[in-house]
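The values are calculated or read from the model by the stated rules, or taken from the named source; none is laboratory data. Here the structure is a predicted model, which is why all the values come from computation and not from measurement. Counting neighbours? That spans all protein chains shown, and the Cβs are built from the backbone with ideal geometry, glycine included.
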Amino acid sequence: MDSVSVVSAAVAVIGAVLTGFFGYWQQRRLHARTERNFMERYRSSLALAAYDLQSRLYNVLRGHVIDQTSAVGHAGYLTLFLSHGTPAEAAYARRSTVFVLAEYLGWAEILRRDIQFLNLGRSHTNRKIMRKLGQVGELVGRVSQTGNELRVFRAHQRAIGELMVHPDSVPGQRWCLGYAEFCRRLDHDEGFVPWFAHLLDDVDRLAVDPAPAMARLQALQNALVELIDLLDPAAVQLPRNRRKFDLATQLIDAQNQP
């Protein structure tokens, strides 16, 4: 083989290697961009769901303080709308409380399903998010010696999450059922209702006396705020007034009010 042929062969080999390298590099860039897009999309939706759930828990917990310490004529959230409200207000308070819990479980399930498509091992923040998700799941399923309202065991958390994932969604493009569809299925889907019946009953019990469940729900609300702080640390998407509920502080503040 003459020198020209040798050079030509070497150039061809080098060209093939470079083509393969740049192709691999381009695929890695595309994959990394896809990962970022998935996480940004899911982080935003999960943050919103966590915010709605912690906000409702805060209202329930704060409502108990109001019921116990305020003058006649003032009432907490569940007392005002579920116990003393119209039938429509009572139905909304009951169903929307269960919905925000179910929606959170739906987005947590979506993140678990699609996490297999993402390489999150090198992201310290993403690892912290996954640990916090685990802690929230543990608190949702925690057995209390006093009150177990809104408790959902681990396997049932996954099942409710599966039910809340919209059937038309696909990996990387998933979304949850909206409130209207959730209510429609409660009214018309016999296979859907049993998963939520005990939670609807739990809301009724919380309206009568949330005191036994206060410690559990406070711990859950606090953990959700910590999760939101990880998902939206600069408060770009959600307001900064995401406060951890603290019963002792709330009671002191209520007693000091004129």
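Table for the structure above
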| read-out | value |
| --- | --- |
| Cβ pairs under 6 Å, 6+ apart, first in region 79-101 and part of a helix (DSSP H, G or I), second among the charged types (D, E, K, R) and surrounded by 15 or more Cβ atoms within 10 Å (Cβ to Cβ) | Thr79/Asp67; Thr97/Arg56; Val100/Asp52; Val100/Arg56 |
| Residue list for region 195-246, restricted to those being of a type in the set (A, V, I, L, M, F, W, C), buried (at least 16 other Cβ atoms within 10 Å of the Cβ) and free of Cβ contacts under 8 Å to residues at least 60 places away in the same chain | Trp195 |
| Residue that is modelled with the highest pLDDT [pool: residues in region 61-78 that are part of a helix (DSSP H, G or I), of a type outside the set (D, E, K, R) and surrounded by 15 or more Cβ atoms within 10 Å (Cβ to Cβ)] | Leu61 |
| Every residue from region 191-240 that is assigned to a helix (DSSP H, G or I) and β-branched (Val, Ile, Thr) | Val203, Val208, Val225, Ile228 |
| Every pair of residues 6+ apart whose Cβ atoms lie under 8 Å, when the first sits in region 169-190 and is farther than 19 Å from Ile110 by Cβ while the second is surrounded by fewer than 16 Cβ atoms within 10 Å (Cβ to Cβ) and β-branched (Val, Ile, Thr) | Leu186/Val193 |
| Selection count where residues are part of a helix (DSSP H, G or I), within 8 Å of Gly106 (Cα to Cα) and either more than 14 Å from the chain's Cα centre (by Cα) or of a type in the set (A, V, I, L, M) (or both), scope region 153-168 | 3 |
| Evaluation of Ala213 against (1) over 21 Å from Leu78 (Cβ atoms); (2) modelled with pLDDT of 90 or more; (3) among the hydrophobic types (A, V, I, L, M, F, W, C) (one fails), failing number | (1) |
